[in-house]
1. Quick one: which residue in 463, 417 is assigned to a helix (DSSP H, G or I), within 17 Å of residue 385 (Cβ to Cβ) and within 19 Å of the chain's Cα centre (by Cα)?
2. Touching a strand residue (DSSP E or B) at 6+ places or on another chain (Cβ under 6 Å), part of a loop (DSSP other than H, G, I, E, B) and either modelled with pLDDT under 95 or buried (at least 19 other Cβ atoms within 10 Å of the Cβ) (or both): is that true of residue 482 in this structure?
3. Could you say whether any residue in the range 514-528 is within 24 Å of residue 424 (Cβ to Cβ), touching a residue at least 60 places away in the same chain (Cβ under 8 Å), within 21 Å of the chain's Cα centre (by Cα) and crowded, with 22+ Cβ neighbours inside 10 Å?
4. Residue 260 versus (1) closer than 20 Å to residue 176 by Cα; (2) within 23 Å of the chain's Cα centre (by Cα); (3) modelled with pLDDT of 95 or more: which is the lone unmet condition?
5. Starting from the range 322-336, take each residue that is in the same structural domain as residue 176 (by TED's automatic domain parsing) and within 16 Å of residue 353 (Cβ to Cβ) and list its partners that are part of a loop (DSSP other than H, G, I, E, B) and modelled with pLDDT of 95 or more, counting only C-beta distances under 9 angstrom and pairs at least six apart or across chains.
6. Is one or more of the residues making up the range 243-259 touching a helix residue (DSSP H, G or I) at 6+ places or on another chain (Cβ under 9 Å), farther than 30 Å from residue 363 by Cβ and not in a strand (DSSP E or B)?
7. Pairs, please: C-beta under 9 Å, at least 6 apart or cross-chain, first residue in the same structural domain as residue 238 (by TED's automatic domain parsing) and in the range 412-426, second surrounded by 15 or more Cβ atoms within 10 Å (Cβ to Cβ) and not in a loop (DSSP other than H, G, I, E, B)?
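The values are calculated or read from the model by the stated rules, or taken from the named source; none is laboratory data. Quick caveat: nothing in here was measured; it's all calculated off a predicted structure. Cβ: placed from backbone, ideal geometry, glycine included. Neighbour counts: every protein chain shown.
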């Protein structure tokens, strides 16, 4: 494919009409003559350097390498890595800057920044959609949908970049209906370094005959920064034959039913809080099979602690339902009825709005403030609802004024759980909910908030050594919500290593892939996979 074809975003007159309809010009939508930016080194003293140190979500960490290397193509990445390796420099990589821990900046002498590699296009030669690693999820959704009417079941935070999101597994509002993002990964391009220090780009595919297939498999949930630098992914549904672009990825619903019920702490007693969390968990236990009529429903129960950042706090439940499901409005209403059974607190339930799909996704994303500023995040998969003891712990920590933060419970399961745990590196295929624990603070604070979220998490998983050891109601943790505490024996007293919490039984295979493709351990960080020796 020539460069003009490679960089074309959409195709045909229909795409031009779509572009005009949403208010951008065809010259913006079709940069067919724009060359790649090329590689740019930015060092301290350059005004751009300070801008790059703050291009991150978690303001706790500030990478200050010898230089940032912005790249515009795979060849640029190969050259940048080759130069750094020859000079003996420690290399890390950044796509969207959304890492929850200091895995990019810690000890880095060279940060290779992929933000300018953000193309999304249909690659006719591979019969799949190419997504460069620096493309944000909202860019991916917009271009796939307006160009071809398709999508991937990615996350609800639109500023996350594909580079790390896909490598860690990826999930979002449509995962209950469609599966994990990596279930659609067709191929991946990775810049690797061999035992001699030679750097090259390798394309690995899901084809069973591909000698590089193990590298593809490792990027179906093995986490970012472990094997090399991903420069692009190719996505398509493995169950669909042919090369017609509009058939090769799933179509989103034409419209979504959207609602955001809310409760205030001033109205919620301990008994009502317990009833709400119990109802929420039990509903997901009953309605998370792949064939459930509720596979098209996703919600996020966001519980903000009392007096959080000066706000009195409370609970909101952003909810989206596939409007094309038979009796969708009745199903959505029944969901809310089930949740408030036995809850004496009055919920503010606004009128359900029917929205076109892209408008809903782009305007109803989670509040970006929840994951900005300074924060510490911890995660867990839930195979069953929280126990009554855990619900009591949650009330004690969230319902009492203090440093505080947020507990988020995201709908999960459905089609995700229809895939075998070893078919992809994403090992957890039995859960119904994902939990995210956040301690958040502003500049000049932090110690109390960090202690609060650590104590909260340890108390929730007191019976399993302070962490969600897989088994029973727990399913481990999610690698994209990186948490270095899991590798700290003072905070993880379970005797179960962090690698099992993230990767389950797939970790030994990931170690073998690491040993083959990164034998010099060039790509490493505080939670990186250790090569199998």
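1. Working: 463 fails: within 19 Å of the chain's Cα centre (by Cα).
The match here is 417.
2. Details: touching a strand residue (DSSP E or B) at 6+ places or on another chain (Cβ under 6 Å): no; part of a loop (DSSP other than H, G, I, E, B): yes; either modelled with pLDDT under 95 or buried (at least 19 other Cβ atoms within 10 Å of the Cβ) (or both): yes.
The answer is no for residue 482.
3. Yes, the range 514-528 contains at least one residue that is within 24 Å of residue 424 (Cβ to Cβ), touching a residue at least 60 places away in the same chain (Cβ under 8 Å), within 21 Å of the chain's Cα centre (by Cα) and crowded, with 22+ Cβ neighbours inside 10 Å.
4. (3)
5. Hits for this filter: zero, empty list.
6. The answer is no; no qualifying residue exists.
7. Close Cβ pairs (under 9 Å, with a partner that is surrounded by 15 or more Cβ atoms within 10 Å (Cβ to Cβ) and not in a loop (DSSP other than H, G, I, E, B)) do not exist here.
For every residue, the table says whether it meets (1) within 17 Å of residue 488 (Cβ to Cβ); (2) touching a strand residue (DSSP E or B) at 6+ places or on another chain (Cβ under 6 Å).
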| residue | (1), (2) |
| --- | --- |
| 428 | no, yes |
| 436 | no, yes |
| 442 | no, no |
| 445 | no, no |
| 457 | yes, yes |
| 462 | yes, no |
| 468 | yes, yes |
| 474 | no, no |
